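The values are calculated or read from the model by the stated rules, or taken from the named source; none is laboratory data. Note that the structure is predicted; figures quoted are calculated from it, not measured. Neighbour counts are summed over all protein chains in view; Cβ atoms, including those assigned to glycine, are modelled from backbone coordinates with ideal geometry.
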Amino acid sequence: MKRQENLVVGEAEIKLGDTLVPYVIKRSTKAKHVRFSISVGKGLEVVIPRDYPADQVASLLYEREKWILEKLQSVAETAALIKTAREDAGSLIRYLGKEYRVVVILDVASPMRVELDGDKAYITLPRRSEELLRQIIEAWYRWAAKSLFEERVKMWAERIGVSYQNIFVKNQKTRWGSCSKRQNLNLNMRIIMAPLEVVDYLLVHELSHLKEMNHSKRFWSLVEHYCPGYKRQLAWLKKYGQSLTI
Ligand SMILES: [Zn+2]
């Protein structure tokens with residue numbers, strides 16, 4: 001197989017296996033080593049140190065062919081998941097790993113509400129409005145998250161033997177949770193879309209910080225004690241976390 005490449009300073013393409021892979025070379029004054037990264041938005045990026053010759057990048061890419069192709073594949077899967085999640089917004093409610101198709105009921109006389117029944121989410125609205133639908137779905141997630149967190153956090157805190165002050169429900173883009181020195185828990189409401197085992201892992205993780213305020217070996221063995229399958233839950237979050245959008 002003949003390997004081709006068009007090396008342009010800055011941007012280029014390289015043929016790896018049967019795939020033509022575009023990549024960007026960035027020169028960094030801070031970088032000490034060549035770094036490779038592959039992400040949903042940016043694709044393949046190579047950061048090279050100031051004095052590193054750009055024409056040597058291609059041979060490094062050939063060496064990492066297997067890693068690059070595998071990573072591109074998993075990034076493409078993530079991108080597809082995010083796209084589906086966006087298309088589903090407003091037409092789907094996800095709760096504890098289950099999907100509920102939204103059915104809008106127009107009723108001017110009733111208060112707005114969301115009811116999950118079977119595989120449907122019946123949403124009562126006074127008039128047809130995308131904006132109103134979005135608002136009530138978000139309010140429902142916040143309410144459902146608060147109820148679930150209060151119940152599960154209480155249970156896990158008793159088992160682990162820690163006490164906490166307040167639970168704050170957040171809607172952050174990138175963080176699932178945190179725990180403050182004042183023993184307050186900040187939890188991302190979008191996690192309730194994930195299966196219960198994943199929610200429980202997050203709660204055990206944050207509550208374990210009340211005993212170990214770090215990510216030491218002792219911390220992880222504490223997490224593992226209460227949540228033996230935690231590595232599976234971490235892998236789930238890594239794969240599907242970004243697709244949990246409202
Ligand atoms: Zn942590």
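For the reader, a short list of remarks on this structure follows.
- Qualifying residue in the range 207-223 (condition: more than 16 Å from the ligand (Cβ to nearest atom) and either among the hydroxyl-bearing types (Ser, Thr, Tyr) or assigned by TED's automatic domain parsing to the domain that holds Val108 (or both)): no
- Test: residue in the range 154-164 that is in contact with a Lys or Arg (Cβ under 9 Å, 6 or more places away or on another chain), under 30 Å from Thr124 (Cβ atoms) and in contact (Cβ under 8 Å) with a residue 24 or more places away in the chain: no
- Where Lys217 falls short, out of the listed (1) under 30 Å from Asp107 (Cβ atoms); (2) modelled with pLDDT of 95 or more: (1)
- Residue match in the range 46-57 (condition: surrounded by 13 or more Cβ atoms within 10 Å (Cβ to Cβ), among the aromatic types (Phe, Trp, Tyr) and not assigned by TED's automatic domain parsing to the domain that holds Leu16): no
- Leu185 meets all of the listed conditions (1) more than 14 Å from the ligand (Cβ to nearest atom); (2) farther than 20 Å from Glu99 by Cα but one, namely (1).
- Residues of the range 196-246 that are loosely packed, with under 13 Cβ neighbours inside 10 Å and either in contact with a helix residue (DSSP H, G or I) (Cβ under 6 Å, 6 or more places away or on another chain) or closer than 19 Å to Arg182 by Cα (or both): Lys211, Met213, Asn214, His215.
- Scanning the range 23-39 for residues that are loosely packed, with under 14 Cβ neighbours inside 10 Å and closer than 14 Å to Lys71 by Cα yields a count of 2.
- Any hit, the range 226-242, residues being basic (Lys, Arg), within 26 Å of Arg101 (Cβ to Cβ) and modelled with pLDDT under 95: yes
- Of all the residues in the range 152-179, those that are exposed (fewer than 12 other Cβ atoms within 10 Å of the Cβ) and at pLDDT below 95 number 3.
- Applying the criterion of being in a helix (DSSP H, G or I) and of a type in the set (D, E, K, R) to the residues of the range 54-70, the residue that is nearest to Ala12 (Cα to Cα) is Asp55.
- Residue check, Glu115 free of Cβ contacts under 8 Å to residues at least 60 places away in the same chain, within 30 Å of Glu197 (Cβ to Cβ) and not in a strand (DSSP E or B): no
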